[in-house]
Amino acid sequence: MFRHRTSFSGGIKLAMPDRIAADAVVRQMPFAPLLRLPLRQHAGAAAVAVVRAGEEVLRGQLLARAEDETAVPLHAPATGRVVRIGEQSDGAGGTVGVIELAPLPGDTQEQARERTFDADRLDADELLAAIREAGIIGLGGERGPTHQRLQRARKRGVAVLVINGIEGEPGFTRVPALLARHGSDVISGARFLGKVLGSQDAVLAVEKPDANSASAMLADSENHDRPVLAVLRPRYPQGAAELLVRTLARRPVEGIPAFNAEKAMVFSLATVAEIGRLLSHGLTMTDQLITLAGDGLRDTGNYRVPLGTPVGFALAQAGAHSELDRVLDGGPMRGHALGHLDRPITKGATGFVAMVANEQASLPEPMACIRCGECVAACPLQLHPAELGLLARRGEIQAMVEDWHLERCFECGCCAYVCPSHIPLVQMFRAAKKQSRRAKALAAGEEPA
């Protein structure tokens with residue numbers, strides 16, 4: 001039925017079973033007794049609180065305003081009372097401002113709707129302002145303010161909008177849920193973005209397991225300017241924007257006569273759906289769709305979670321086992337272990353993996369590099385992870401950056417996955433990047449992030 005495109009070189013083939021109906025189910029997470037809302041939940045400046053401790057707020061009400069273009073506003077995820085405004089750890093050695101909110105039990109928790117938006121009646125600037133005011137950031141892992149990306153894109157010109165429907169991590173199932181439950185939002189979001197960008201064409205890229213769901217979603221749409229569908233062979237990490245555009249540009253996209261890779265712009269399916277959902281219904285961003293996965297949970301799957309919900313509370317609602325030992329923020333390939341489960345779920349969260357103790361104990365000990373070259377073959381960017389690993393062990397950070405292009409690595413984890421010596425290459429690269437950026441900041445007389 002579909003013509004599957006060839007993929008990029010490198011990467012790895014993971015077991016990707018066909019989607020089943022259960023993958024599309026989304027359960028609503030109840031409110032935790034206390035929600036913690038960091039004032040910075042994205043890359044950029046923190047928002048500034050406009051409420052006071054003790055004040056009662058309505059769901060969707062503005063809690064903190066954005067004071068420059070790198071910030072987004074923050075809205076109340078629940079009708080409740082502001083308990084405290086202060087600071088908390090940002091998880092990276094610093095602190096960040098936070099608003100603590102206690103939801104009011106028994107409230108309907110309906111969000112007030114002041115205005116809906118229509119792509120046919122509003123101009124591009126009005127829609128761009130609406131995206132900013134709704135507090136939307138990238139929801140596919142990029143985590144930057146969406147309005148800021150759009151402003152930059154308008155300056156360079158965009159011919160094709162690419163909707164990235166590739167699951168970012170194995171075991172996560174947000175894509176089938178979005179295709180099944182938010183199809184009209186995806187179509188609306190694509191129209192809003194097309195109007196803002198001035199682009200005429202849009203492509204929805206999915207991998208084979210999601211092809212039938214995507215095709216059905218598009219067939220149900222009554223809009224004639226819906227995106228065209230591109231079905232790709234499964235290969236990790238195909239969802240990375242650079243790799244996805246490279247794959248799509250390899251052959252002409254059916255329905256788009258001239259796919260210009262230089263003029264293409266990629267948005268995650270989750271971001272597009274959220275733009276369509278919020279603007280169409282006059283809502284603000286107060287929750288997030290995440291996947292909870294791992295053998296440490298009884299009820300794995302997709303959940304819509306109020307922002308500020310502690311990770312531990314969410315895992316408990318999903319039936320966390322008592323012997324839970326480790327939780328990853330993100331998936332098994334790119335996620336990192338959480339230090340504590342009080343950390344709140346924020347706008348950029350995509351999912352969490354909970355593991356029981358015996359899984360961690362079974363991890364093999366790292367051994368010396370045997371120069372097999374498996375990591376080099378697996379790197380989708382044709383970097384040299386083995387050499388980078390050796391330099392990291394010797395502390396030669398400058399050489400890693402200047403001679404071996406460390407900053408190009410987006411930490412997909414393919415190198416570590418295929419390494420027969422079980423060397424934690426990704427963790428080594430993350431540490432080296434952090435060290436390099438700290439040194440640059442100090443050299444420039446700036447405070448390290």
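Of note:
- Gain upon complete extension [residue 261, residue 67; 0.36 nm per residue less C-alpha separation]: 66.5 nm
- Förster-model FRET efficiency, 25 Å R0, residue 427 and residue 323, C-beta, rounded to 0.05: 0.50
- The overall shape of the chain is rounded: from the C-alpha gyration tensor, with semi-axes ordered a ≥ b ≥ c, the ratio a/c is less than 1.5.
- Surface composition of the stretch 77-164: carbon plus sulfur atoms contribute 44% of the solvent-accessible area (1.4 Å probe, protein chains only, all chains present).
- Under 5 Å from the amide H of residue 282 lie the amide H atoms of 117, each residue being 5 or more positions distant or on a separate chain, with H modelled from the backbone and absent for Pro and chain starts.
- Proximity of backbone amide H atoms, modeled 1.01 Å from N, is registered between residue 11 and 379 at under 5 Å, excluding neighbours fewer than 5 places apart on the same chain.
- Residue among 42, 356, 197 farthest towards the positive dipole end of the chain, charges placed on Cβ: 197
- Gain on full stretching of the segment that runs from residue 212 to residue 298 - 0.36 nm per residue minus C-alpha separation: 28.1 nm
- Label zone at residue 81 (point 7 Å along Cα-to-Cβ), backbone N below 13 Å, the stretch 89-113: 101-105
- Per-residue accessible area (protein heavy atoms, 1.4 Å probe) orders 336, 147 as 336, 147, starting from the largest.
- Here's how it looks for residue 138: its modeled amide H is under 5 Å from those of 143, 144, 146, which are all 5 or more places away or on a different chain.
- Shown in residue order for the stretch 96-109 are the 3J(HN,Hα) couplings computed by the Karplus curve 6.51 cos²θ - 1.76 cosθ + 1.60 at θ = phi - 60°: 9, x, 8, 10, 9, 10, 9, x, 7, x, x, 6, 5, 6 Hz (x for Gly and Pro).
- Local electrostatic count at residue 42 - Lys and Arg +1, Asp and Glu -1, tallied over other residues with Cβ under 10 Å: +2
- Difference of contour (0.36 nm per residue) and Cα-Cα distance, residue 443 to residue 219: 75.0 nm
- Remark: the Cα gyration tensor places the stretch 366-426 in the oblate category, a/c being 1.5 or greater and a/b not exceeding b/c.
- Looking at the stretch 229-265, the GluC sites (Glu not before Pro) that sit in a DSSP loop and have at most 16 other Cβ atoms within 10 Å of their own Cβ are 254.
- Only DSSP H runs of four or more residues enter the estimate; each adds -39500 (n - 2.57), and after division by the residues of the chain the mean residue ellipticity at 222 nm equals -8500 deg cm²/dmol.
- Cα lying deepest toward the dipole's positive end in the chain, options 345, 71, 247, charges on Cβ: 247
- Apportionment of accessible area to carbon and sulfur, the stretch 367-429, percent (1.4 Å): 55 percent
- For the chain, the membrane-span-like helices by this rule, meaning whole DSSP H stretches whose C-alpha atoms cover at least 15 Å of axis and whose Kyte-Doolittle mean is 0.0 or above, are 183-197, 269-281; this says nothing about an actual membrane.
- Here the simple spin-label model places points 7 Å from the Cα toward Cβ, and for residue 251 and residue 434 these points are separated by 4.3 nm.
- Annotation: per residue accessible area for the chain equals 45 Å², rounded to a whole number [probe 1.4 Å, protein chains only].
- Apolar share of the accessible surface for the stretch 284-363: 46 percent from carbon plus sulfur atoms, 1.4 Å probe.
- Projected label distance in nm at residue 9 and residue 45, using a 7 Å step from Cα toward the beta-carbon: 4.5 nm
- Relative contact order (percent, whole number), the stretch 303-449, Cα cutoff 8 Å, 6+ residue spacing: 20 percent
- Spin-label pair residue 88-residue 118: with each label point 7 Å from Cα along the Cα-Cβ axis, the two points sit 4.2 nm from one another.
- Separation of alpha-carbon centers, the stretch 299-353 and the stretch 208-255, rounded to whole Å: 29 Å
- Among 267, 278, 324 - extreme Cα towards positive end, dipole of the stretch 250-356, charges at beta-carbon: 267
- Listed residue pairs exceeding 27 Å between alpha carbons, taken from 347/440; 195/263; 13/440: 347/440; 13/440
- Contact order relative to length of the chain, as percent, for alpha carbon pairs under 8 angstrom and 6 or more apart: 18 percent
- Remark: relative contact order (the stretch 87-226) = 22 percent; criterion is Cα-Cα distance under 8 angstrom and separation of 6 or more residues.
The values are calculated or read from the model by the stated rules, or taken from the named source; none is laboratory data. A quick note: this is a predicted structure, and the numbers were derived from the prediction, not measured. Positions of Cβ are generated from backbone atoms using ideal geometry, with glycine treated the same way; all protein chains shown enter the neighbour counts. The protein model used for the area step is the full one, side chains on, heavy atoms only, and it has no ligands, DNA or RNA in it. Shrake-Rupley method; radii C 1.70, N 1.55, O 1.52, S 1.80 Å.
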